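The values are calculated or read from the model by the stated rules, or taken from the named source; none is laboratory data. For clarity, every value in this text was computed on a predicted model and none was experimentally measured. Neighbour counts run over all protein chains shown; Cβ positions are idealised from the backbone, glycine included.
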Amino acid sequence: MQAGTGDGAALQVSNVTVRFEGLTAIDSVEESVAPGEILGLIGPNGAGKTTLVNVMTGFQIPTEGDVLLDGESVSGVKPHALRHRGVARTFQAGRLFREMSVVENVEVAGVGMGLRRTTAHAEAMELLDWIGLADRANVLAGALPYTDERRVGIARALIQSPKYILLDEPAAGMSDLECDDLMGLVKQVRDRFGCGVVLIEHNMRVVMGISERIHVLDSGRTIARGNPTEVQANPAVIEAYLGKG
Ligand SMILES: Nc1ncnc2c1ncn2[C@@H]1O[C@H](COP(=O)(O)OP(=O)(O)OP(=O)(O)O)[C@@H](O)[C@H]1O
Ligand SMILES: [Mg+2]
């Protein structure tokens, strides 16, 4: 069931546990995402979704277990170094530079990747154009509606074409329509860049619609893995979502 194992490329967590002073945020979790694949990561609040994404992007060193990038252990490798190796992410809370323009926000991500300013600017403009925000390029990021803010966050992550992109609740707070629109973009990201996508998303309809595989966490533990049909029919998932209201 593990996509990308064997000799294929993958971003993988192997038997990962994360403990915070007595609290086990992630408990013996196995998962992997291959380039070109969309993996949905779901679970109730506090389930450990962000912590798992933090582990996969170098922001959290696992207490136990290993993180592998294309078969090589990258446990302890810093986020910035992993970003250079093609692992990009967005954050649950905005994190745009509000006093900078939209294009500058994307540009600095490129400069952070070692691009010259002019190259970063050109790549940023191309991404904004592709994402449909070229006409907002010179607007202050702080003045954007949150739907556009999330798109800029994704553009920042797409600088230098990552191989893996991890999106932490990019559609949080959006209406069904806005959400569908953003998921259209996520699919286009996968199609254009061929990257593996890990998508944290609360809306079951949405995540089931876009993901090839789903991983369900509850209190740090894996309660189900599989394709959307399998996961939806899983009693433990129904219990976690409906049982706890
Ligand atoms: N740095 C930390 N120190 C201590 N506890 C933490 C830390 N980060 C997360 N936790 C705890 O770990 C558990 C998992 O948190 P996490 O943020 O990964 O959940 P989540 O599934 O992303 O939740 P949400 O849907 O609310 O974003 C929670 O109980 C949280 O309080
Ligand atoms: Mg979270």
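Summary of computed values
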quantity	calculated
Cβ-Cβ under 8 Å pairs, at least 6 apart or on other chains, segment 164-192 side assigned to a helix (DSSP H, G or I), far side modelled with pLDDT of 95 or more and within 16 Å of ligand 2 (Cβ to nearest atom)	VAL186/LEU167; VAL186/LEU199
Selection from segment 19-57 of residues that are in contact with a Gly (Cβ under 8 Å, 6 or more places away or on another chain) and among the acidic types (Asp, Glu)	ASP27, GLU37
Near pairs, Cβ below 7 angstrom, 6+ apart or cross-chain, from segment 38-56 (under 22 Å from ARG205 (Cβ atoms)) to any residue that is part of a helix (DSSP H, G or I) and near ligand 2 (Cβ under 8 Å from one of its atoms)	LEU41/LYS49; GLY43/LYS49
Odd one out for GLY153, checked against (1) closer than 20 Å to VAL33 by Cβ; (2) touching a Phe, Trp or Tyr at 6+ places or on another chain (Cβ under 9 Å); (3) more than 16 Å from ligand 2 (Cβ to nearest atom)	(3)
Selection within segment 204-222 - out of contact with any Ser or Thr (no Cβ under 6 Å at 6 or more places or on another chain), closer than 10 Å to LYS49 by Cα and buried (at least 17 other Cβ atoms within 10 Å of the Cβ)	HIS215, VAL216, LEU217, ASP218
Selection status of LEU140, out of contact with any Gly (no Cβ under 7 Å at 6 or more places or on another chain), aliphatic (A, V, I, L, M) and free of Cβ contacts under 8 Å to residues at least 40 places away in the same chain	no
Subset of segment 77-96 [among the aliphatic types (A, V, I, L, M), in contact with a helix residue (DSSP H, G or I) (Cβ under 9 Å, 6 or more places away or on another chain) and under 18 Å from PRO170 (Cβ atoms)]	VAL87, ALA88, LEU96
Residue match in segment 32-48 (condition: in contact with an Asp or Glu (Cβ under 8 Å, 6 or more places away or on another chain), β-branched (Val, Ile, Thr) and surrounded by fewer than 21 Cβ atoms within 10 Å (Cβ to Cβ))	no
Within segment 88-131, considering residues that are of a type in the set (Lys, Arg) and farther than 21 Å from LEU185 by Cα, the one surrounded by the most Cβ atoms within 10 Å (Cβ to Cβ)	ARG98
Positions within segment 50-74 being touching a helix residue (DSSP H, G or I) at 6+ places or on another chain (Cβ under 9 Å), small (Gly, Ala, Ser) and more than 24 Å from GLU169 (Cα to Cα), in sequence order	GLY65
Matching residues, segment 223-236, being under 12 Å from GLY40 (Cβ atoms) and either at pLDDT below 90 or assigned to a helix (DSSP H, G or I) (or both)	PRO228, VAL231, GLN232
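Residue by residue, here is whether (1) modelled with pLDDT under 95; (2) farther than 17 Å from ASP168 by Cβ; (3) outside any helix (DSSP H, G or I); (4) touching a Ser or Thr at 6+ places or on another chain (Cβ under 8 Å) holds:
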site	(1), (2), (3), (4)
ARG98	yes, yes, yes, no
GLU104	no, yes, no, no
LEU115	no, yes, yes, no
ALA124	no, yes, no, no
LEU127	no, yes, no, no
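Rundown of residues vs (1) on the phi < 0 side of the Ramachandran plot; (2) not aliphatic (A, V, I, L, M); (3) not assigned by TED's automatic domain parsing to the domain that holds PRO145, yes/no style:
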| position | (1), (2), (3) |
| --- | --- |
| GLU64 | yes, yes, yes |
| VAL67 | yes, no, yes |
| GLY71 | no, yes, yes |
| GLY76 | no, yes, yes |
| HIS80 | yes, yes, yes |
| VAL102 | yes, no, no |
| ALA122 | yes, no, no |
